[in-house]
Every structure is written in C-alpha cells, then in structure tokens.
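Here's the structure we're looking at; comments come further down.
Just so it is clear, none of the values below were taken in a lab; they were calculated from the coordinates. Because the structure is a prediction, the values reported are computed rather than measured. In this analysis, Cβ positions are derived from the backbone assuming ideal geometry, glycine residues included, and neighbour counts consider all displayed protein chains.
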Amino acid sequence: MSLTAQKDFVIFVILLFGFQVSQSGEVSEWGGKYAQETICGLTGTTVILNCSFWYPQMHNGQIIKVERTLWFTKGANDQPEDLRKDFKYTDRLDLNCQVNWCTLSIRELRKSDEGKYKFKFITNATGGQYTVMSGVTLKVTDLNIQKSWWYRTPNLSCHSECDLDSPSYIWYENGRKRLDLNSKEITASSNYLSYSCALRGHEQHLSPPVCWGPSCDKVVYLYKSICALKGSDVDIACTYGHHKTVREKSWFRPDNGNTWNVPSVSSTWQLDQRYFTTDVDGKRSGLLIKNVTESDSAEYRFKFSEWGSDLPGTILTVTAAQVQVIKAENKDSDTVALLSCHTSCSPASYLYWCWVKDGHENVGRPTWKKEQIITLRPGEYITCAVENYPLSVSPPLYALEAPRVLLSNKSDILEGDLLTLTCIADTPTSSRHRWYKKCRTSDCEVMRYGEKLVFSSIQSSDSAEYFCAVENDLGEKMSQSVVIDVKYAPRFSNLLVSPSNVTEGQPVNLTCSSDANPAASYTWYKDQTMLQGSERNYVFNSIRAEDGGSFYCKAHNKYGNVISSQVVVDIQYVPRLPSISARPFSHVSMGFSVRLTCTSDANPAASYFWFKDNEESPNSMGAVFNIINFQLHNEGAYHCEARNVRGSRRATLLLREENFRSWLQGALTVVAVRYAIAGILLILLIVTVLLFWKKTTSKGRMHFKSQPNTSEDSSRDQLEELMVFSEHSPIHSNVTNNKTDHNEDDYENVVDTVIKCGGQASG
C-alpha cells in the first residue's frame with residue numbers, strides 16, 4: 001500500500017469508527033483503539049498515527065469534557081512525557097484531535113523515531129484520564145538493493161521492509177538517472193557500474209549504491225539533509241569509490257554553479273573566508289562552511305573527473321529563530337501575547353531559548369520551553385534566539401503604533417495630477433500595509449496593499465477620506481483619515497429655463513448649472529450683452545415681451561471657465577389691439593371695391609376673423625377683407641378679431657353712406673377750405689362798395705331801401721350754404737387708437753369711414 005493510500009485508508013477508518021461511537025449513544029466506560037498497532041515508514045517520509053477513544057458523558061452528575069490530549073513514548077502511563085516537549089521532534093509533529101479521535105503526524109522520519117507510541121486523554125472529571133494501551137509500533141527503514149542471478153543474468157531488486165502499495169521506482173546507473181528503468185527489478189548492464197534506487201517522489205531518500213563487480217564508481221553522502229542554525233559551522237561529507245585513479249575532485253551547487261575544488265593530497269585548503277574542502281585517503285571528502293547564513297541553504301553535491309553524478313546530494317537548510325504568535329489580545333494600550341520561538345527545521349541538538357525585549361531587556365532566563373507570555377507597550381518589540389548562537393536572533397516583532405498618512409502634494413490637488421499617499425509607521429516597514437477608502441457603512445473593503453497608494457492621474461471621483469492600516473501577527477493599527485479634495489475647472493454649463501413655455505406676466509427662472517470644484521460663479525448674457533448678477537439663478541418676477549431674447553451663461557472659478565449653449569427665451573402674449581385700415585380711404589363711388597386690412601402684434605402670430613355688425617359667424621378669415629362692388633347693403637360696423645392661444649383682441653370699423661346733398665356738402669366743404677380767404681375778401685369788397693354808394697347817393701336813399709338787394713341775398717344764401725356744407729366732414733380718416741393695455745383682453749377700436757354714394761368721386 002502506498003503512503004498516500006495508507007493515509008486515506010486510516011482517515012476513513014477513523015471517521016467510520018467515530019461514526020459508530022456517536023451512534024452507540026451514551027457510553028458508560030472509558031476506552032480507545034488504534035487504527036493500526038504496527039506502522040512502517042521510509043526514512044524522510046511522513047507517517048500518521050491514529051487513535052479513536054470514548055468516555056462517559058456524565059460522571060457524578062457532571063458533564064465530562066476532554067481538556068488535554070497527548071502522545072508519548074517515554075514515561076509511565078500515569079506520568080507520560082509529551083512528545084511535543086521532546087527536542088528531537090521539534091517542528092516535526094502535527095497533532096489534530098477532535099471529539100472522539102486524534103491523529104499524530106511525524107514528518108521527516110528518522111531511524112531514531114522508531115519505538116512504541118501511546119495516546120492519552122485527560123478530562124475535567126476527578127481521576128478522569130485514560131491511556132489507550134498496546135500503542136502503535138513505528139518502524140523506520142531505508143530502501144536497499146538485493147542481488148540475484150537468473151540463468152546467469154544478473155538481476156537487481158529494490159527492496160523495503162515496509163509493505164509498499166504499487167510503488168513507482170527510479171533507478172540510477174553509475175550516478176545517472178535511467179528513465180527507462182522504473183520497475184522494482186532490473187538487469188545489471190556490466191561490471192564496474194554502481195546502482196541505486198528510490199521511490200518516485202522521494203528521490204532524496206534513495207538506497208545505498210551497490211557495485212556489480214569487484215569495484216565501481218560511487219558516492220555516498222553521510223547526511224541526506226542537514227538543518228543548521230544561522231551562524232554555526234556545517235560540515236558536509238561523503239565517501240566515494242573509484243576503479244581508476246581520480247585526477248580532479250570538487251564540491252558544487254547545482255542551483256547556481258558554484259564549485260569548490262578539492263586538493264589532490266590529504267590536506268585542508270582554504271578557498272575563501274568561509275569555505276574549506278578536505279580529502280582523506282581518497283575515500284572521504286568534506287566541505288566545511290563556517291558561519292552559515294540563509295543564503296547557504298541549497299543542495300550540495302560531490303563529483304570527480306571520471307564520474308559526474310545526477311544523484312541527489314546533501315540538502316542544507318539554514319534557519320534562524322522566529323517568533324510565532326499563538327494568541328494575542330489588547331489590554332488598554334498594551335498587547336499581551338502568548339509567543340513561541342521556533343525554527344523552520346529541527347537541528348540535531350538540544351536547544352535553550354532566550355527572550356529579549358527592545359534588544360537589551362532579558363525576559364527571564366534561557367529555558368528549553370519554547371512558549372512565553374510577553375506584555376508589550378506600543379512601539380516595543382520582542383526577539384528570541386537560541387542560546388550560544390548570537391546570529392540566530394529572530395526578526396523583531398513589534399507592538400504596533402498608529403501610522404500616519406503623508407501626501408506628496410502640499411498645495412491644491414488638481415484633476416489629472418500625480419498623487420502619492422504614503423503610510424508612515426514608526427515601527428519597521430516589515431509590517432503589512434493596507435489602504436481603505438472611507439465608507440458610509442462600518443465595513444470597508446481593502447482598497448490596496450502596500451506602503452504607498454499612488455494615483456497616476458487623480459480624478460474627481462477619487463475625492464474621499466482615506467486611511468491606512470499596519471498589521472503584523474500581534475494585531476492592527478489604523479491611521480487618522482485624510483481628506484482628498486480634487487479641484488477642477490467647470491466641466492460643462494447647462495442653462496435651464498423654467499417654465500419651458502413662457503407667457504407674458506408670469507415669473508420666469510433661468511438656472512445655470514455646472515460641475516466644478518470649487519463651486520463656480522456665474523455671468524449672464526443676453527444677445528451678447530452682459531447682464532447684472534452673478535448667481536446661478538436669473539429671475540424675472542413678471543416677464544415682459546421685450547425681455548425675450550437669446551440668453552447664455554458662463555461658469556467660472558480660478559481654474560477655468562466654460563460657456564453654456566444659447567437658449568432663446570420666446571415670450572408668448574395676447575394679441576395687441578388690432579389696427580384697421582381701408583383702401584381707398586376717400587372718394588369711393590358706389591360699385592367700387594373696398595380693401596380692409598387688420599394688423600396686430602402677437603406671439604404666437606395671430607389669426608384674423610372679420611364680423612359684420614352683430615353676426616356670430618365670421619364673414620371672412622385672414623388679415624385682408626375685400627368688399628367687391630360696394631352697395632348700400634354693405635354699410636355697417638365691421639369687426640376685426642385677432643386670436644392666438646393666449647387670447648383675442650377686437651377693433652371695429654364703421655362703413656356708412658349719405659344722400660347726394662351730403663355728398664355735395666362734403667365736396668363744398670373741400671372747396672370752401674380752398675377758397676375761404678377769397679370769399680371773405682369778396683364779402684368785404686361788397687360791403688365797402690355798398691357803404692360808399694350809400695353816402696354818395698343820399699337822394700335816392702329811400703328808394704334804394706324799398707328795393708330788394710338780390711345780390712346781397714344771393715351772397716348771404718351762398719355763405720349759409722357754404723357753412724352748412726362745412727358742418728359735415730365728407731371724409732372720416734382712419735383713426736387708429738394705438739394705445740396698448742397689456743392687461744385688457746378685449747378692447748374695441750371704432751373707426752367711422754364714410755363711403756360716398758351716387759355720382760362719381762372727384763379727384
């Protein structure tokens with residue numbers, strides 16, 4: 001059975017057994033059982049030991065709970081020694097215990113790990129502890145090669161004392177990997193060749209080489225792996241064999257090509273300040289590395305001129321102490337933590353651990369116990385080390401202080417600028433950094449990791465509050481937030497008119513809006529002329545027709561400006577009082593045509609309707625009304641009504657006729673106007689002649705008085721007739737009342753026009 005399959009089978013058995021125990025109800029006895037009482041593992045691999053257990057649920061009215069579990073190989077059943085405290089198992093054990101079962105994993109198996117392992121659990125009940133007897137016997141073995149002959153054919157077999165489940169093998173011939181040889185048994189090629197085998201996936205733990213023949217070329221490393229503390233000296237050694245004289249020997253690192261030559265005589269040769277090579281009798285070679293550091297961690301191999309090897313060498317792991325936080329909590333401003341000092345691998349020596357605060361204050365004496373409770377104030381740090389290994393001191397673990405945020409820009413932050421936020425921590429930068437953008441909710445997602453938060457081209461949408469956090473294994477500290485306010489010039493300017501349909505006399509609000517930081521100021525324009533006012537609203541409390549026009553606004557701050565598109569404010573109003581005219585306006589004879597025209601100022605444009613007298617239906621529509629062949633029945637009052645969606649207004653024209661005398665009086669009135677002065681002069685002349693004649697003809701005076709004065713009567717009659725004609729104006733001109741009343745919806749203008757009837761019109 002393979003190691004993986006073996007592990008899966010064991011876990012299945014544990015779960016199945018645990019299920020059976022849980023189904024059995026409340027048990028009344030103490031007990032336990034191991035999944036396997038014997039287990040075998042290859043050197044360098046991992047084995048898992050398993051045990052299920054049970055106990056009463058109640059004891060003397062008390063609920064029983066498991067408080068402690070452990071595995072041990074030493075000590076009596078009542079006083080066992082916990083494996084976790086045995087230095088030779090340091091950092092190689094994993095303990096996983098649940099309600100009714102517990103597993104123990106042992107990594108990097110060594111021959112010294114062989115023995116019998118037992119499990120014990122301790123409860124809260126008085127005397128409530130139990131050791132599962134019999135235990136698990138662990139056997140650790142290596143692979144080895146067995147020789148045999150089959151009809152004079154030399155056969156080699158890769159053998160293990162462990163029962164392996166369908167393993168896959170790798171073979172090395174004379175130090176070279178043979179990919180075509182992957183079965184458990186192979187046939188040897190010829191004499192003077194060495195052979196080794198390994199399990200695929202565990203090439204580091206191969207079998208010792210065997211020679212087919214009296215001698216062969218081979219290399220055997222004394223240690224497959226070495227764990228060393230930083231600052232110690234490490235000796236990597238191997239034995240080698242050869243069937244010919246070896247001319248050149250060297251140690252090398254496959255990962256970077258470093259090579260250290262070995263002198264041809266048995267001596268020590270210093271390569272540099274830290275590396276030394278040795279050779280003893282042409283059979284044993286060594287590489288000594290003094291004062292090792294983490295950079296020396298690598299695989300090291302040995303080769304000689306007649307033989308280059310693919311065989312895995314010795315893996316060196318250099319480790320320093322590390323502080324591991326098991327549990328930490330804050331008490332006021334201090335941090336109280338349970339810490340453990342550990343290494344990444346287990347050196348083959350018994351270690352004592354030292355704890356130092358702030359680099360000078362020893363916390364207790366060196367002790368073999370790895371765990372320690374430490375109290376730290378903000379800014380203090382703790383280190384641990386292995387006694388007598390000063391270079392193995394762990395990196396410091398700090399109790400963090402709150403960080404600060406530093407901005408790269410000291411002045412205004414403009415859109416498009418490069419902005420860098422730096423999280424400044426007084427503790428070393430080994431702490432982990434996170435950036436947050438302040439949220440309205442309590443849960444804020446991490447925005448970015450790292451010491452710096454960089455905006456290559458910051459945008460207005462990035463305006464917010466930011467803060468950073470530093471974190472290590474002891475906890476987290478937050479900075480105070482900083483406000484990022486990105487400035488920018490007005491991006492756009494919109495002009496909105498409310499209401500959208502404007503009527504004369506109503507309030508109107510013009511609003512200019514713009515996105516800007518800082519907020520924009522505004523300048524207003526009408527028909528390219530700047531208006532008074534700098535607010536975003538321009539208000540008409542009662543708008544007039546003359547207030548209409550093309551408006552636009554300019555939004556501006558200290559970073560720039562932008563102009564809105566133009567908006568035409570079109571003010572609608574009721575038609576003004578119509579004006580009526582007649583053509584011709586005089587000397588129109590019966591049978592001629594009359595053209596009446598009506599005009600009115602309106603928005604939207606007015607429609608015109610003509611009514612005669614008191615008729616309800618219009619006689620005509622349109623601004624012009626033509627009367628063809630004017631007759632007596634056409635006289636009367638003509639009304640023009642101007643209409644639009646906002647209302648209507650009306651004006652009236654009077655058309656009337658008179659008899660021929662009226663027409664003659666009208667004509668004489670015109671003549672009298674022309675000859676008024678001549679008539680007056682004629683009368684004065686006649687009176688003067690009569691007075692003179694009266695004085696000079698005294699004798700015939702009486703006679704004269706008795707005779708009628710025909711010429712004087714005629715003149716007087718003519719004057720009276722002339723005056724009668726002057727009393728009646730033959731033509732009433734088109735008088736239009738141009739007075740406008742914006743608050744009057746219906747106002748009638750009456751124009752009296754006389755159309756002369758009978759006879760021809762004179763020019």
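Things worth noting here:
- Extension gain for Leu406 to Phe692 (0.36 nm times residue separation, less C-alpha to C-alpha distance): 90.1 nm.
- A straight chain from Asn258 to Asp91 at 0.36 nm per residue would run longer than the Cα-Cα distance by 57.1 nm.
- Simple spin-label estimate for Glu371 and Glu203 in nanometres, 7 Å along Cα-Cβ: 4.1
- Among Val386, Val482, sorting on how many other beta-carbon atoms sit within 10 Å of each Cβ, with the fewest leading, yields Val482, Val386.
- Pairs of alpha carbons in segment 205-317 whose separation is greater than 16 Å (percent): 58
- Straight-distance crosslink candidates among lysines, where the alpha carbon sits under 30 Å from Lys116 and sequence neighbours closer than 8 are dropped: Lys7, Lys33, Lys65, Lys74, Lys85, Lys88, Lys139, Lys224, Lys369, Lys370
- Over segment 544-635, equivalent-ellipsoid semi-axes from the Cα gyration tensor in Å: 50, 13, 9
- Highest mean packing comes first when the peptides 451-457, 688-694, 249-255 are listed by Cβ atoms within 10 Å, giving 249-255, 451-457, 688-694.
- Taking 0.36 nm per residue of sequence separation and removing the Cα-Cα distance, the Tyr350/Asp180 pair yields an extension gain of 56.7 nm.
- By the count of neighbouring beta-carbon atoms within 10 Å, fewest first, Val483, Val280 end up ordered Val483, Val280.
- Anisotropy class of segment 199-252 from Cα gyration tensor, a/c 1.5 cut: oblate
- Residues of segment 117-131 with amide N under 20 Å of a point placed 7 Å along Cα→Cβ from Ile63: 122-129
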